[in-house]
Amino acid sequence: MMKQLFKIGLVAASLIVGGCIAQNPAFVRADANASSQVNADKPDTDEVSFGDPTLEKAVADAMGISGRKITYGDIRQCKKNLYIFKTTKAVSSLKGLESLQDLPNGIADIGLKASAGVSLSPLKNLKVSSFSLEQNGMHDMDNSDYDALNSLNFVRPESNDNQISLFGEDRENHEPNYKGLVNDDLIKLAPFFNHAYEANKTINNFDFNLSQQRLTDFSFFNSGQIKNTELIAVDEYQVFTDKIQIDPEGFTENTEVKVPTQVKGMNGEPIQTSTDIWNARTSQWDAIKKQGTTTLATGLVSTDKWIIVANRLSQGYPETIKYANGNSLRVAGTQYYPISWEKTPTPQPEPEPTPTPTPTPKPDPDLPPKPEPGLKKGTVVYALKKVYLYQHPTFKKGERTVGYVRKQRVNRPMFVVTGYARSKAGLLRYQVRDVNHQYRHTDGRTGYITAKSSYVRPVYYQTKHQTVTVINPQGANLYKNKNLTQRTRHLRQGQLLKVKRIVKHRLTTRYQLSNGNYVTANRKLVKLGTVTYPKYVMAKGALNRYQTVNLDKKNRHYQRKQRAIFKVSYTDYSRNTSNRLTGVKRYKVAGGYISGNPRLVTNLYYQGRPHSRQVRVIARSGIRGYQHQNLTGRSYKISKGKVLKIRRIIVRNGLVNRCQLTNGHYITANKTFVKTK
C-alpha cells in the first residue's frame with residue numbers, strides 16, 4: 001500500500017541527470033558493449049552541442065565532467081549506467097540527448113521536464129530502463145514526437161519496481177493541462193506502451209503514470225497484450241460534451257439531478273471515484289452522494305453552466321479498481337459536465353425520415369475555468385504580500401484591525417482558516433485566526449483576509465519534490481515518526497535533503513527522506529530545490545559587530561585596513577517579532593551579528609565569471625595552480641601581479657569556490673588572493 005501511495009505522489013517529475021554508477025548486469029544487454037556509434041561521423045574530440053544550458057550542466061554532472069565541454073569520446077567511453085533524477089526547472093530544448101545513443105550501457109533512469117512544444121526528437125532510439133516525461137500540451141505533439149517516444153529502446157530495470165510516466169507539468173496549484181493527452185492519443189502511442197511493458201512484464205511491481213492529462217477512457221490498456229500492470233492517472237482534466245439536461249420548470253436548489261459518469265475503466269465500464277462536488281454558491285467542495293456510478297447533484301442554481309465533481313487527493317487517494325488480467329487502475333480528476341437548461345419536450349409522433357447531409361462535427365465547448373476552491377477549515381496559510389485583517393468580509397479601510405507587512409519567507413505571518421465568507425461583490429474571503437506567537441499584540445486575533453492565491457498560500461507543501469533545502473535560521477529537526485516525535489538529528493540552515501515521498505498528517509504534510517526519517521514540509525522551514533548561503537564573508541570597509549540580530553549593543557569594531565573575514569553560522573533577518581517592520585539581512589558570526597548589506601560585506605569567494613574574464617593575483621606570496629578543482633594534483637607557482645584568463649567559476653554551495661582557467665587548471669576564487677580586473 002505504501003508503495004502505491006508513493007507512486008501516486010509522483011505527479012511531479014523533472015530533469016536532472018545523475019552520475020555514472022556501477023554497472024548492473026541485469027540492465028545491460030549482452031551486446032551492450034558493442035556500441036553502434038550512431039554518431040560515428042563525430043570524432044571523439046568533437047564537443048556535444050546542447051540546446052539548453054541546464055540540460056548541458058545536468059549531463060556534465062552526470063558523467064562527472066566539470067570545467068569543460070562534453071565530448072563524444074566521453075560518452076563512448078562511459079562504462080557505467082547513467083541515472084537521471086529530478087529538478088524543478090523545465091528545459092527549452094532537448095538537443096544534445098541524441099548523443100547519448102552512443103552510451104555503451106544506455107540509461108538506467110531518465111526523468112525529463114520540458115516546456116510545452118519542445119521537440120522530443122532527440123529522444124529517438126535512446127536505450128532506457130525507467131523513463132518519465134513531464135510536459136504540458138502533449139496532445140499537440142507532431143509525428144516526429146510520437147516517433148521519438150515509440151522508438152525508445154526499453155530494457156529490463158535493475159530492480160523489481162519500475163514506473164514509466166507521461167504526465168503534464170506539475171504545479172503547486174495544480175493548474176489544468178488544457179492540451180494534455182486525450183483518449184485517441186493512447187492509440188498513437190501504442191508502441192511506446194507495448195515496448196515498455198515487454199521490458200518490464202517479468203518484474204513484480206510495474207506501472208504506468210499518466211497523471212495530469214485529459215484522459216476519460218482507459219479501455220486501451222485492456223485491449224492488447226498488457227497484463228499485471230497498474231495504471232495511475234490522477235489530476236486528470238476531464239471535460240465532457242454530453243450535456244446534463246435540467247428542466248428549469250419547478251426546479252429548486254434542493255432538486256436532485258442525476259449525473260451519470262462519463263469516465264470509462266479498462267473494460268469500458270462506467271467508473272466514478274470522485275468524492276466531492278463543487279458548490280458555486282459557497283465556493284466550497286461538498287461531499288457528493290452517489291447512486292452506483294451516478295452522482296446525485298444538489299444545490300445547483302439556474303446560472304450554473306457546469307456540474308463539477310472531483311476526487312480531492314487531500315482527502316484520500318482514489319480506490320484501486322482491479323481486473324481479471326491482473327491490471328489495476330487508480331484514476332482521479334476534475335470532471336466537468338455541461339448543463340443544458342431546457343424544458344423537457346413533449347413527445348411527438350416520429351415523422352418520415354428524409355435524407356440529410358452529414359452534419360459538420362462541432363468543436364469541443366470552451367474549456368471551463370478551474371473552480372476557485374476555499375481551503376479546508378483548519379488549513380494554515382501565510383501571507384506573501386502585505387495584508388490586512390478586517391472586521392467584515394466586505395473590506396473597508398476603517399475596519400482594518402491589524403496590518404502585516406511583507407516579510408522574508410522565514411518570517412511570513414501565518415493564519416489558520418476557520419471559515420469562509422463573501423463580500424458584497426462576491427469575492428471570497430477567509431475567516432482566520434492569527435497564530436503568530438512572536439507578535440504578542442496580534443496573536444489570537446480573528447477577522448477576515450483576502451483569499452487571492454497571489455496574497456496567501458498554504459504554509460505546507462502539497463506535492464513531492466526531489467530535493468528541499470533547510471532555510472530556517474535555527475535549522476530544522478529530523479524525526480523518526482511522521483507526527484514529528486522521537487527526534488533523530490538536527491539539520492542546519494542550507495542542508496540539502498533528498499525526498500522519498502510526501503505524507504499527510506492531519507492538515508499538515510511531512511517529507512519522508514531516503515533514510516525513513518521525517519522532516520516538516522512547512523515552507524517557512526524548507527524550500528524546494530537547492531538554496532545556497534554564504535559560509536564566509538569579508539568586510540568591504542570598517543564594520544561593527546553587535547550582540548543581537550537587530551544590531552543592538554555593539555561589542556566590537558573592525559577597522560577598514562583589517563579586511564575582516566567572518567565565518568557565517570546562519571543567515572537571519574532583523575525585526576522578526578514585528579508585523580509592521582520588514583526586516584533586513586544579518587549574518588550570525590562568532591561573537592554576535594553583522595550586517596548583511598552588500599555595500600558593507602561581500603562573499604569571500606567569487607560567485608560568477610568576471611565580466612572581463614580576467615583576474616589578477618594580489619596575494620603577496622602569490623598562489624598556486626592545480627590540475628583538479630579540489631586543488632589537488634601537480635601544482636605550479638603563480639606570482640603576484642600575474643593576470644589570468646578565467647573560463648568559469650566552480651560554485652561549491654557558498655563554501656570555497658574555484659576559478660577554472662582557460663587552460664583547464666584551477667585556482668582559488670578567494671577575493672583576498674585574486675581580484676577581478
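Just give me the residues in the range 460-473 being at pLDDT 95 or above and outside any strand (DSSP E or B), in sequence order.
Result: ILE471, ASN472, PRO473.
Within the range 513-533, is even one residue of a type in the set (A, V, I, L, M), surrounded by fewer than 19 Cβ atoms within 10 Å (Cβ to Cβ) and farther than 28 Å from GLN466 by Cβ?
No - not one qualifying residue is present in the range 513-533.
Given the options TYR178, TYR197, name the one that is surrounded by fewer than 20 Cβ atoms within 10 Å (Cβ to Cβ) and of a type in the set (Phe, Trp, Tyr). Before the answer, list the steps.
Working: TYR197 fails: surrounded by fewer than 20 Cβ atoms within 10 Å (Cβ to Cβ).
The unique qualifying residue is TYR178.
Check the range 90-105 and report whether any residue there is in contact with a Leu (Cβ under 9 Å, 6 or more places away or on another chain), within 16 Å of GLN466 (Cβ to Cβ) and either outside any loop (DSSP other than H, G, I, E, B) or assigned by TED's automatic domain parsing to the domain that holds VAL48 (or both).
Yes, there is a match, as at least one residue in the range 90-105 is in contact with a Leu (Cβ under 9 Å, 6 or more places away or on another chain), within 16 Å of GLN466 (Cβ to Cβ) and either outside any loop (DSSP other than H, G, I, E, B) or assigned by TED's automatic domain parsing to the domain that holds VAL48 (or both).
Here's a check for you: in the range 567-586, which residue that is within 16 Å of PRO534 (Cα to Cα) and of a type in the set (Ser, Thr, Tyr) is surrounded by the most Cβ atoms within 10 Å (Cβ to Cβ)?
Among them, the one singled out is THR571.
Only strands (runs of 3 or more DSSP E) wholly contained in the range 570-674 count here; list those with 3 or more residues that are under 29 Å from ARG440 (Cα atoms).
Numbers: elements: 585-589, 592-595, 601-603, 614-617, 623-625, 636-638, 643-650, 658-661, 666-668.
Result: 585-589, 592-595.
Being acidic (Asp, Glu) and either touching a Phe, Trp or Tyr at 6+ places or on another chain (Cβ under 7 Å) or modelled with pLDDT of 95 or more (or both) is the filter here; which residues of the range 153-183 pass it? Give the derivation first.
Pass one, the range 153-183, residues acidic (Asp, Glu): 158, 161, 169-170, 172, 175.
The answer is GLU158, and nothing else.
Listed residues THR275, THR241, THR303, THR252; which is surrounded by 14 or more Cβ atoms within 10 Å (Cβ to Cβ) and either over 26 Å from ARG429 (Cα atoms) or modelled with pLDDT under 90 (or both)?
Working: THR241 fails: surrounded by 14 or more Cβ atoms within 10 Å (Cβ to Cβ); THR303 fails: surrounded by 14 or more Cβ atoms within 10 Å (Cβ to Cβ); THR252 fails: surrounded by 14 or more Cβ atoms within 10 Å (Cβ to Cβ).
Going through THR275, THR241, THR303, THR252 in turn, the sole match is THR275.
Return a yes/no flag: does the range 64-77 have any residue that is among the acidic types (Asp, Glu), within 30 Å of ARG647 (Cβ to Cβ) and at pLDDT 90 or above. Steps first, please.
Filtering the range 64-77 down to residues among the acidic types (Asp, Glu) leaves 74.
From the residues that got through so far, the ones that are within 30 Å of ARG647 (Cβ to Cβ) too are 74.
Then drop every residue that is not at pLDDT 90 or above, which leaves 74.
Yes: one or more hits.
For the range 380-413, how many residues are of a type outside the set (S, T, N, Q) and touching a residue at least 60 places away in the same chain (Cβ under 8 Å)? Step through it out loud before you land on a result.
Just the residues of the range 380-413 that are of a type outside the set (S, T, N, Q), to begin with: 380-390, 392-393, 395-400, 402-407, 409-410, 412-413.
The next check asks that each one be touching a residue at least 60 places away in the same chain (Cβ under 8 Å); those that pass are 380-385, 387-389, 402-407, 409-410, 412-413.
Matching residues across the range 380-413 total 19.
For every residue, the table says whether it meets (1) of a type in the set (Asp, Glu); (2) surrounded by 16 or more Cβ atoms within 10 Å (Cβ to Cβ); (3) not assigned by TED's automatic domain parsing to the domain that holds VAL589.
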residue: TYR430; (1), (2), (3): no, yes, yes
residue: HIS437; (1), (2), (3): no, no, yes
residue: ASP443; (1), (2), (3): yes, no, yes
residue: PRO473; (1), (2), (3): no, yes, yes
residue: ASN481; (1), (2), (3): no, no, yes
residue: LEU484; (1), (2), (3): no, yes, yes
residue: THR488; (1), (2), (3): no, no, yes
residue: VAL499; (1), (2), (3): no, yes, yes
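Please work out which residue is modelled with the lowest pLDDT, limiting yourself to the range 356-412 and to residues that are surrounded by fewer than 12 Cβ atoms within 10 Å (Cβ to Cβ) and more than 30 Å from ILE244 (Cβ to Cβ).
Step one: filter the range 356-412 for residues surrounded by fewer than 12 Cβ atoms within 10 Å (Cβ to Cβ), giving 356-364, 366, 369, 378, 396-398.
Next cut, more than 30 Å from ILE244 (Cβ to Cβ) only: 378, 396-398.
Details: GLY378: 90, LYS396: 94, LYS397: 94, GLY398: 94.
Only one residue fits best here, namely GLY378.
The values are calculated or read from the model by the stated rules, or taken from the named source; none is laboratory data. Owing to the predicted nature of the structure, the values given are computational and were not obtained by experimental measurement. FYI the Cβ positions are ideal-geometry reconstructions off the backbone, even for glycines, and counts take in every protein chain you see.
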